[in-house]
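Nothing in this text is a laboratory measurement; each read-out follows from the coordinates by a stated rule. Note that the structure is predicted; figures quoted are calculated from it, not measured. No Cβ is skipped: glycine too gets one built from the backbone with ideal geometry, and neighbour counts run over all protein chains shown.
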Amino acid sequence: MASESQHLNALLHATVANSAAHITCMAVSPCRRWIVRGTSEGELLITHIAQSYSTSTPAPGTAPQPRRWRMSPATHVERVGMHIGAVTAISISSAGWVATGGQDCTIHVFPLHRQHDASCLRQHIRFQEHSLPVVALHLLDSGRLFSISKDQTCKIFDIHAESLLASISFPSSLTAIAVHTLQDSVFVGATNGNVYRADLWKLAHHQITSSSDKQTTSSKRQPLAVFAASTDQSSVSAVSALSLSLDGSKLAVGYSSGLIAVWDSSSCQKLYFIQHNKTPVTHIFFHTQTKQDSTLSCFA
């Protein structure tokens, strides 16, 4: 497994070795056959990863050849994201859709076809409802797209109807997002160190306002559940990563100070803290073995 990972890393680095742009974000498809990377110049690098196996039968008493990764032909496509400035967020659904956000405050959504060319990738959906750069995206198989931005809002889109469904305002600039598996609540982390939970089923109880020719749910008056990082403001650092356990009962929060906190997602009560290191936690996620047992992994 280690040799496969090293070989894959070498292949990925080789594709950008001769480019002046640097990678700003990356996402792997749930099927693990596609890697989409965004660059500082607004480009998308789409790579199809295929596994090749040894066709020869190993001799008796010898170990089989390890799996090797290889690039399939004609899968490197440049300048298809159409972002002005850096690509800041990428999300891929199991249904084969890709959503990208950038510093230009724009979100692009397009199908991840098997055969890539510039014409098919330009047939995409565009959302321009954010007023400041997009920070993170979460695309579901149902076609619901959640986005957060520096404009202190979380917006919910329907990519099939190409419409904005709801916009939720928060008291601070947002940095990370996680959506409950039941799609009944969304968790967002903020620069003030707090995590906010918005219960989506409550949106129906708030006023409906017209945005151009579309009906959009406004939830500015909605009370938000708050996971307060600390009462000591001197120790508060920005939230840098979020993850929900598979059953949605636990929320893991990574901070820019290197601290990791695990919360009860329903009661907003702290369960425990872990001081990982002094560098920001960039990714955090649960490995679930059983309903009662799970393992937490993080990267800094």
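Can you order the peptides 95-108, 29-42, 136-149 by their average number of other Cβ atoms within 10 Å per residue, highest first? It would help to have the intermediate numbers written out before the result.
Numbers: 95-108: 22.6, 29-42: 18.1, 136-149: 21.0.
Packing order, densest peptide first, comes out as 95-108, 136-149, 29-42.
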What residues have an amide H closer than 5 Å to that of Cys25, excluding those fewer than 5 places away on the same chain, when H is modeled at 1.01 Å from N in the peptide plane?
-> Gly38
What list of ³J(HN,Hα) values in whole Hz, one per residue of region 165-170 in order, does the Karplus curve 6.51 cos²θ - 1.76 cosθ + 1.60 (θ = phi - 60°) give from phi, with Gly and Pro shown as x?
-> 8, 7, 9, 10, 9, 10
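Based on the Cβ-Cβ distance from Gln183 to Gln269, what FRET efficiency comes out when R0 is 25 Å, to the nearest 0.05?
Working: r = 23 Å, r/R0 = 0.93.
It comes out at approximately 0.60.
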Can you list the residues, at least 5 places off or on another chain, whose amide H is less than 5 Å from the amide H of Ala241, using H built in the peptide plane?
-> Gly254
Gained length - Gln128 relative to Cys31, 0.36 nm times residue gap less alpha-carbon distance | 32.0 nm
